[in-house]
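Here is the structure we will look at, set down as structure tokens.
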């Protein structure tokens, strides 16, 4: 039961990493009319979940968590560097750096990470969000598959909250989207775990363009 509580803590919107500040290009998609209602919001977020995150960020996050669990810091460093290099815009790079740094500081302040994990934070500085999350999973001794599901749920929830603010959508509409997205998360976790290393990819030109356009968007609520 304690591990379930810690899993919920990591997935909570109350986790002070600033996730509420980011829309990952969704705000520009709303501004441009690509996303304009609940149906198009669900399609945008769902496509990113299934076709982008499952094969990219989630796959890397799981590998980082496994490497940290196995105390394989060389493998950890390899996938952390891969992920940082995969960020295609200044906004996406800054987002993962800021959120990862905030989570790493929190882990230090909670005094739950050992010297090996502190060394991984220093040697991979600036730490990206998937890396810091993997070290939190190690600190709480969580199952890496369950932790990955929490990681994806937290991302999806934040995306839906961004859609609710920018379209805008009502709370019931937001919950309906989350209900649908929740059904996709087990498959995304399975994909992230099963995909061969050589097939892990971050190719998402639509997301990159949305993020790049958002960098110069005149009026906006979100940092990315």
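The values are calculated or read from the model by the stated rules, or taken from the named source; none is laboratory data. Computed from a predicted model, the values in this text were never measured in an experiment. Backbone-built Cβ (ideal geometry, glycine too); neighbour counts: all protein chains shown.
General observations
- Residue among 152, 148, 142 that is surrounded by 19 or more Cβ atoms within 10 Å (Cβ to Cβ), more than 16 Å from the chain's Cα centre (by Cα), within 30 Å of residue 114 (Cβ to Cβ) and modelled with pLDDT of 95 or more: 142
- Among the residues of the range 156-197, those that are more than 15 Å from residue 57 (Cα to Cα) and assigned to a loop (DSSP other than H, G, I, E, B) comprise 167, 168, 169, 170.
- Residue list for the range 177-208, filter: surrounded by fewer than 16 Cβ atoms within 10 Å (Cβ to Cβ), over 17 Å from residue 79 (Cα atoms) and at pLDDT below 95: 205, 206
- Evaluated against (1) farther than 15 Å from residue 22 by Cα; (2) modelled with pLDDT of 95 or more, residue 157 falls short on exactly one condition, (1).
- Looking across the range 119-138 at every residue that is part of a loop (DSSP other than H, G, I, E, B) and under 14 Å from the mean Cα position of the chain (by Cα), the one that is surrounded by the most Cβ atoms within 10 Å (Cβ to Cβ) is identified as 128.
- Output for the range 159-168, where each listed residue is crowded, with 19+ Cβ neighbours inside 10 Å and within 19 Å of residue 184 (Cβ to Cβ): 159, 160, 162, 163
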